[in-house]
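Report on one structure; see the data block that follows.
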Amino acid sequence: MKPRTTLPISLLAAICVFTSAHSPLSNKPAGVVVPAVAVKHYLYVAVPGIRDYLGYGGHGILVFDIDNNHRFVKRITTKGFHPDNTPSNVKGVAVSIPLNSIFISTIESLQRIDLATDKLVWEKPFEGGCDRMSISPDGKTMWLPSFEKGFWNVVDCATGDLIKKIDVYKRAHNTICGPSGKNIYLDDINLRRSSVNPNLKAKGVLITPNPSNGKITVQFYPQPVGLQAIQIYSIDGRKVAETLIKDEQVNNVYYYNLDRYSSGIYVVRVVFNDKVITRQIIKATP
């Protein structure tokens with residue numbers, strides 16, 4: 001009996017599970033019963049999945065029989081090499097059922113492998129590299145992030161051709177296609193979570209600090225719509241500051257410095273195209 005092969009699967013970065021089955025396609029004579037073909041379940045693991053370290057399974061696709069206690073079945077030879085011809089980091093794995101193909105992304109390229117023959121269909125390099133992709137439910141379109149660059153590539157799964165490029169904030173990373181195929185979720189790893197002041201959330205406009213030593217912040221939540229101007233007046237009616245705003249210049253935060261003005265009460269007018277919000281602030285004595 002051959003020794004059983006086991007690997008630390010929990011440590012591998014790229015894992016894909018799917019069902020494999022074969023159904024005879026023939027024009028059977030009437031009345032002839034074709035016996036059912038058993039469905040088999042396999043686990044396909046693309047390695048190296050921990051950077052480009054070869055100590056956790058080597059290089060290729062490792063296939064395991066899920067129904068037989070995840071027994072090792074075979075290794076499929078793959079491409080995906082660094083410029084120095086050493087195996088590259090596997091970043092993502094995805095499957096297209098209609099194309100009967102598994103896709104592997106590495107830092108430099110994307111490859112398609114036919115699951116019926118275990119042969120490479122194509123391998124293509126992409127500008128900016130590749131990361132963790134996702135395929136539409138119909139198996140035809142892939143959303144392929146660059147390797148932490150500022151864009152995603154939309155790719156034709158059959159040919160590997162670039163359909164279009166989607167620019168994002170800063171650093172593309174993980175991707176999930178919704179089950180309806182209408183929504184794609186693109187993870188930019190440069191985005192950070194921030195909390196919203198409860199008072200700002202409740203009022204929509206917040207001017208802080210109040211009282212102030214002269215430096216004030218006008219904040220909006222959510223992004224203001226129809227904002228035309230922010231004006232600051234002294235209590236005797238003198239305009240001491242004004243920002244005129246065009247639609248394409250709208251921000252959530254505006255900063256003002258009243259250091260050169262005397263202490264006292266000031267009036268902040270936030271002018272929208274359909275309303276005006278007025279707030280009083282106090283500039284304290286230094």
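Would you mind stating whether Val45 is in a strand (DSSP E or B), closer than 26 Å to Asn174 by Cβ and among the β-branched types (Val, Ile, Thr)? Can you show your working first?
Details: in a strand (DSSP E or B): yes; closer than 26 Å to Asn174 by Cβ: yes; among the β-branched types (Val, Ile, Thr): yes.
The answer is yes for Val45.
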**OP:** Run Pro87 past the list (1) touching a helix residue (DSSP H, G or I) at 6+ places or on another chain (Cβ under 9 Å); (2) over 23 Å from His59 (Cα atoms) and report the number of the one that doesn't hold.
**Re:** (2)
Subject >> Residue list for the stretch 170-202, filter: farther than 30 Å from Val154 by Cβ and either hydroxyl-bearing (Ser, Thr, Tyr) or surrounded by fewer than 15 Cβ atoms within 10 Å (Cβ to Cβ) (or both) >> reply: Ser195, Val196, Asn197, Pro198, Asn199, Lys201, Ala202
Original post:
Which one of the conditions (1) free of Cβ contacts under 8 Å to residues at least 60 places away in the same chain; (2) loosely packed, with under 15 Cβ neighbours inside 10 Å does Asn213 fail to meet, given that it meets all the rest?
Top reply: (1)
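The numbers here are math on the coordinates, done by the rules we state, and not lab data. Predicted, not measured: the structure shown is a model, and the values here were computed from it. In this analysis, Cβ positions are derived from the backbone assuming ideal geometry, glycine residues included, and neighbour counts consider all displayed protein chains.
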